[in-house]
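The values are calculated or read from the model by the stated rules, or taken from the named source; none is laboratory data. None of the values given here were measured: they were computed from a predicted structure. In this analysis, Cβ positions are derived from the backbone assuming ideal geometry, glycine residues included, and neighbour counts consider all displayed protein chains.
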Amino acid sequence: MACDLTQRLVHGYLDGELDAARASEFEKHMQSCSQCAAELEGQEALRSSIRNAHLYEKAPASLRKKVLKKIKGETDVMIGWHFPRLTWAAVAACAVFLVLILAGWRQFTGRRNETLLAKELVDDHIRSLQPGHLTDVVSSDQHTVKPWFDGKIDFAPPVHDFAAQDFPLVGGRLEVINGHSVAAMVYRRRKHFINVFVWPEKNPASTTAGSIQGYNWVRWHDGNFEFWAISDTNGSDLNQLRQLFSSQ
């Protein structure tokens, strides 16, 4: 018998549309419902493949020659029908217009992907604040937290304790983002917890920041890693923590 929650909650859970309590209930439900778990896994895999797809490639010079030759041939035909000859300036203008459209679309999809990822990470941060979810390893010692990740993920995350700068390390845990295991380091800033998510990323991204549902986030790239710091503390605190990481 089909599970009633598969169609009603899977997409809402995946898109971060469920509140923290409802999301927690659905996670418990999936532990005993293989149909919902399988559906969520399939949707996450689909989303990951779409995000990671390389949809843009540079056209070779030979293709440009073929296109221009085709345009010239069609222009000659149009002359026989008493249409005005297209000038090379018009062709160039059309080409520039097309490039601008593609560039704008790529920029739009990039912003949309970042917004979706930010929403997913904010949801993970909110869930981590539930009792018993904040850390898998509890320690203020970076030499305890960093080795804990060995064998659990296929990279060594940079772990630092910034207690001297009022960002003490609390611990760490594993998270799954877009179907991939990532590291989450937990810091405290006065009475606020900060989740710093990190995973390998060779393609550098510019530093960006934003706010969702009252939670601030900062994204940056350093070395071969991408970082996201998320908390309900103010944005200047997150930027200070970013600068501390970058100085290591």
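Points to keep in mind about this one:
- Residues of the range 198-239 that turn out to be among the polar types (S, T, N, Q), over 20 Å from V145 (Cβ atoms) and in contact (Cβ under 8 Å) with a residue 24 or more places away in the chain, as a count: 6
- When I230 is tested against (1) out of contact with any His (no Cβ under 8 Å at 6 or more places or on another chain); (2) among the β-branched types (V, I, T); (3) assigned to a strand (DSSP E or B), exactly one condition is not met: (1).
- Residue check for P158: touching a Lys or Arg at 6+ places or on another chain (Cβ under 6 Å) and at pLDDT 90 or above: no
- Candidates are the residues of the range 219-248 that are of a type in the set (D, E) and under 20 Å from P168 (Cβ atoms); the one that is surrounded by the most Cβ atoms within 10 Å (Cβ to Cβ) is D237.
- Filtered residues of the range 236-248 (kept if over 19 Å from the mean Cα position of the chain (by Cα) and not in a loop (DSSP other than H, G, I, E, B)): S236, D237, Q240, L241, Q243, L244, F245, S246
- Across the range 41-60, the qualifying residues are those that are aliphatic (A, V, I, L, M) and at pLDDT below 75, and the one among them that is nearest to T115 (Cα to Cα) is I50.
- Taking (1) under 30 Å from G179 (Cβ atoms); (2) modelled with pLDDT of 70 or more in turn, K65 satisfies each apart from (1).
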